[in-house]
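Participant: Below is the structure I would like to discuss, written out as structure tokens.
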Amino acid sequence: MNRTSDEPEVNALARSPLWGCAPIADRFRPIRELRTTKSVQSVLAEDNATQQRVTVKRIAVEGLPAGLLMRLEHESRSLSSVRCASLPAMISVHRSVQELVTVSEFIDGTPLAERLPQRALTVAETLTVGRSLLTALVALQQQQVVHRGIRPSNIIVDATEPLSRAVLIDFGSPPLLTSDQEQLADLLETARYVSPELAGLVEYDVGEASDLYSVGAVLFHCLAGRPPFNGASVNAILLGHMTSRVPELRSLGASVPRALDELVHRLLRQDPRERYQSADAALADLDAIAAQLALGNAEPDVVIGARDRRGCLTEPAFVARRHELQEMTTRLEEVRHGRGGLIVVEAESGGGKSRLLAELAHRGACAGLHILRGQGTSDVAQRPFQLLDGLVEGLRTAASANPQATAELLNRIAPESIPAIRAALPALAELWESAGTAGDSADTVGEVRVLQSLAEFLTALGSEDRPALVILDDCQWADDLMLKLLRRWQRLHTEAAGALAHLVLVVAYRSDEVGSDHALRQLVPASHLRLVPLTPEEVRQLVESMAGPLPDEAVELIVRLADGSPFMASAVLRGLVESQALVAESTGWRLERLALGDLQSSNRAGAFLARRLELLPAETVSLL
């Protein structure tokens, strides 16, 4: 806050015991206090030599561990030569018996912490913040400096709409994770954005990846309108960091490109080895996303992490399948106009079917569709319509959050159909306890009536106000009645030509487990997508999203062994690392030719992967 007169606070500061160092007092005139904690005082001052406004930070020596004080002084002096638009310039560093004093450029503006409660930032504004933070970290990491305090109150932004500038400040403050209740607000904010290793929750050294985690937490808050973890106490927040899964931004309703969502989540991996390993790589991906968005590509085709030099593997990014995803996305757009229908997706085992469906579900959720999913299982003793269990559970969950939705669904179903639906799907009985006739059972309801009623039930899941996307995966394991239901639903949909249909039904199966005469082959969908094997370049993108840049010889070997299968590509890469045929070094991955041995021909891929079992604990092998 600006004061109408600086004099009262100037006099108070001049009398402060912390303002007693002659070299500082002779050059810098205090104007007003910015922030004071138990061991740190930050003051806005004027440089008498340049008339420039500066921030003078005074850190009391007493009570600080000697190692921490030495690190703060060393890192502060290291920053004296850094010139970066996203960091305040370090002007002076002075150490006395009582205190460490740093003088840096004063950054005028508003803390991001004051902007975020007003609204979530746009994607463009978040990219501005993210690129500024990562640019600052690149400069810090070149000096082997870890900031350790990245949080919204330490990010200064301009007052423009939209936001167009961000600067990272306040390097060098000691950790705030103490039990000092006078600093509760600072403690809670620090806990929301601190990495697990900096908080002492996991046994890993604090390094570059720690700051990157905090950047991820800030970007998540910018896009979602809330931090990834929150709570009324520091312990509750830290527990969230350790035990809770970070939700996908798009599942929260944020309109975020898939690549940006993946980038934020990679920054927020709990294990620092699974995050980005350098700000350079994260910045390169963020720049690539920004460039494609600027060209009008709403879904940038950026393979996250492919430029990150890593020492261990992480989960693969979503690659390829652009044509298939675009065709399904078009269907999602048409369902809003009542032009729903059937989509069939088939792929060989390990062909990436489930990953594609997960991406489709994300896009459907972003479009405001009601997402319901069912999945077949390979149980020997299958129950009729077992494939719909997940769908029914989704309806139960939705009903607890919005009971009115259940009533609206019932209103879209003919009353005479409800007893048959209850008989076929008993888990719906408690939701519909006031509808239909109590005591209905499958034995008293005929098959034809059940199939007709369930077909009407599926159609009713979508409405003009809220269209539905129903995804049924692994339908190769569907029971006979379920297969008859799919055919009956399509016939009902066809017979109602011209009627509005607010449902997209996706039926997916493994093509290698469905013969030419199988009932699934008799379906006539609006779109039939057959996932082809990945190209060699797509395999490279997949494995480098897991490992970063790889030797060409390693990629060629993986391409040969994987034969275009995403699952096999991932498995071969992991097998190479686990068998130490691919070794991480400080300069990157190295292929150990002696360990390759008999991995040189694709017909030995099965034996190669089978040998991975030898690396499992004996108890696991026994269980298998």
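Participant: Please find, within the stretch 361-382, the residue that is modelled with the lowest pLDDT out of those that are among the hydrophobic types (A, V, I, L, M, F, W, C) and out of contact with any strand residue (DSSP E or B) (no Cβ under 7 Å at 6 or more places or on another chain).
Facilitator: V380
Participant: If I ask for residues that are without any contact (Cβ under 8 Å) to a residue 40 or more places away in the chain and under 17 Å from S42 (Cα atoms), which ones from the stretch 70-89 would you list?
Facilitator: Listed by number, the residues that qualify are E73, A89.
Participant: Between a residue in the stretch 512-535 that is within 16 Å of D479 (Cα to Cα) and of a type in the set (D, E, K, R) and any residue that is part of a loop (DSSP other than H, G, I, E, B) and open to solvent by 40 Å² or more (accessible area, probe 1.4 Å), which pairs come within a Cβ distance under 8 Å, given they are 6 or more apart or on different chains?
Facilitator: E513/S349
Participant: Given (1) touching a residue at least 40 places away in the same chain (Cβ under 8 Å); (2) within 23 Å of W589 (Cα to Cα); (3) of a type in the set (D, E, K, R), where does E262 come up short, assuming only one miss?
Facilitator: All conditions pass for E262, except number (2).
Participant: Further, regarding this structure: Could you tell me how many of the residues in the stretch 572-589 are more than 14 Å from R309 (Cα to Cα) and either of a type in the set (S, T, Y) or touching a residue at least 40 places away in the same chain (Cβ under 8 Å) (or both)?
Facilitator: The number of residues fulfilling the criteria is 4.
Participant: Go over the candidates H221, H241 one by one and state the one that is buried (at least 21 other Cβ atoms within 10 Å of the Cβ) and either touching a helix residue (DSSP H, G or I) at 6+ places or on another chain (Cβ under 7 Å) or at pLDDT 95 or above (or both).
Facilitator: Answer to the check: H221.
Participant: Something else: Kindly provide the set of residues from the stretch 333-384 that are assigned to a loop (DSSP other than H, G, I, E, B), over 30 Å from D563 (Cβ atoms), open to solvent by less than 50 Å² (accessible area, probe 1.4 Å) and in contact with a helix residue (DSSP H, G or I) (Cβ under 8 Å, 6 or more places away or on another chain), ordered by number.
Facilitator: A367, L369, listed by residue number.
Participant: Now for a separate question. Using the structure shown, decide if A442 is over 41 Å from the mean Cα position of the chain (by Cα), open to solvent by 20 Å² or more (accessible area, probe 1.4 Å), within 23 Å of R487 (Cα to Cα) and at pLDDT below 65.
Facilitator: The answer is yes for A442.
Participant: Specify the residue that is nearest to M242 (Cα to Cα); the eligible residues are those in the stretch 265-303 that are basic (K, R) and surrounded by 18 or more Cβ atoms within 10 Å (Cβ to Cβ).
Facilitator: Restricting to residues being basic (K, R) and surrounded by 18 or more Cβ atoms within 10 Å (Cβ to Cβ), the top hit is R269.
Participant: Could you tell me which numbered condition S434 fails, if it satisfies all but one of (1) at pLDDT 90 or above; (2) part of a loop (DSSP other than H, G, I, E, B); (3) of a type outside the set (A, V, I, L, M)?
Facilitator: That leaves (1) as the condition not met.
Participant: So, of the residues in the stretch 190-218 that are charged (D, E, K, R) and under 17 Å from the mean Cα position of the chain (by Cα), which turns out to be most open to solvent (accessible area, probe 1.4 Å)?
Facilitator: The residue in question is R192.
Participant: Scan the stretch 403-410 and give yes if some residue there is closer than 22 Å to H493 by Cβ, open to solvent by 20 Å² or more (accessible area, probe 1.4 Å) and at pLDDT below 90, otherwise no.
Facilitator: Looking for residues that are closer than 22 Å to H493 by Cβ, open to solvent by 20 Å² or more (accessible area, probe 1.4 Å) and at pLDDT below 90, one finds at least one in the stretch 403-410, hence yes.
Participant: So, in the stretch 226-236, how many residues would count as being open to solvent by less than 60 Å² (accessible area, probe 1.4 Å) and either of a type in the set (S, T, Y) or under 18 Å from the mean Cα position of the chain (by Cα) (or both)?
Facilitator: Total meeting the criteria: 4.
The values are calculated or read from the model by the stated rules, or taken from the named source; none is laboratory data. Predicted, not measured: the structure shown is a model, and the values here were computed from it. All Cβ positions, even for glycine, are placed from backbone atoms using ideal geometry, and neighbour counts span all protein chains on display. Calculation scope for accessible area: heavy atoms of the full protein, side chains included, ligands and nucleic acids excluded. Shrake-Rupley method; radii C 1.70, N 1.55, O 1.52, S 1.80 Å.
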